[in-house]
Amino acid sequence: MSNTQRPDLFDRMADKWPSTVVASPLVKQFSGGAVSGKTLANLRSVGQPVPPSVKIGGKRCYEAASLAAWLRQRSQGTVPCSKD
């Protein structure tokens, strides 16, 4: 048996996203509906930690890998790897 681990759910989210960035309105789609861009804006407004972002064309955007890592950090429980 190999010691190589498969990417977890959050790595797969970032890997399957068609771009390296996720615009704020698409955060809900990226997270499967678990978190919205509005949630991130609300957290940011009260000083809670959110993934780093940049503004591109007036839209706040997150790096897909950073957003996935942030979701991983906030998750609870174990997510088994599924076969794709």
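The values are calculated or read from the model by the stated rules, or taken from the named source; none is laboratory data. Fair warning: this is a prediction, and the values are worked out from it, not measured in the lab. Note that we place each Cβ from the backbone using ideal geometry, even for glycine, and neighbour counts take in every protein chain shown.
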Residue list for the range 26-56, filter: surrounded by 12 or more Cβ atoms within 10 Å (Cβ to Cβ) and among the basic types (Lys, Arg): Lys28, Lys38, Arg44
Every pair of residues 6+ apart whose Cβ atoms lie under 9 Å, when the first sits in the range 64-84 and is part of a loop (DSSP other than H, G, I, E, B) and at pLDDT below 95 while the second is small (Gly, Ala, Ser) and surrounded by fewer than 16 Cβ atoms within 10 Å (Cβ to Cβ): Ser75/Ala34
The range 28-63, subset of a type in the set (Val, Ile, Thr) and closer than 15 Å to Arg74 by Cα, residue nearest to the chain's Cα centre (by Cα): Val35
